[in-house]
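Asker: Let me begin by handing over the structure; questions about it come next.
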């Protein structure tokens, strides 16, 4: 597996940041690097990374709801994030949703019905249902799979999930470990 360099920039000197921006792209390309952007609010989609050629389609956009300091777990926010991703990137992206705590199953279910990918797991919620602790990630995966299949949505096989854009996603998530990612269609 190739190494990953994760950079978290905090801008303290605007002039130095401009120098960094000018040198980062050619150095990254020279070594075959790929830019990834992550954020817990709408701003990450509107950063200008596409306009500056730092990131290129197809994009993987994972919207995260219900975390402190992030996007509020509100149905309107879910719809807004989906609309904005379509407005900014058209169909040239994969959309995924994760939600924290009690919002995990309702939000991932809604995302699945909207054609999105879903992520569930103990990192995001300790519960399987109201007042019922999940003992494993597999319990949560089994539950969301059953819900989506009961709604007549098809679930990608592991092989299907590892092709195309998913190959990039799976390599970048948790140093290559898969964390319960499904593609619905």
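Asker: Neighbouring Cβ atoms within 10 Å as the yardstick, rank 143, 19, 130 fewest first.
Answerer: The fewest-first ordering by Cβ neighbours comes to 130, 19, 143.
Asker: Further question on the same structure: Estimate the FRET efficiency between residue 159 and residue 126 by the formula 1/(1 + (r/R0)^6), using the beta-carbon distance for r and 22 Å for R0, to the nearest 0.05. Don't skip to the end; give the middle numbers.
Answerer: On the way: r = 31 Å, r/R0 = 1.39.
With a Förster radius of 22 Å, E is 0.10.
Asker: Taking the beta-carbon count within 10 Å as an exposure proxy, list 107, 20, 31 from fewest neighbours to most. Working shown, then result.
Answerer: Working: 107 26, 20 13, 31 8.
Ascending number of Cβ neighbours within 10 Å: 31, 20, 107.
Asker: As a footprinting exposure proxy, order 83, 102, 145, 119 by other Cβ within 10 Å, with the fewest listed first.
Answerer: Numbers: 83 10, 102 14, 145 18, 119 23.
Lowest count first: 83, 102, 145, 119.
Bear in mind these aren't lab numbers, they're just calculated from the coordinates by the rules spelled out. All values derive from a computational prediction rather than experimental measurement. Neighbour counts are summed over all protein chains in view; Cβ atoms, including those assigned to glycine, are modelled from backbone coordinates with ideal geometry.
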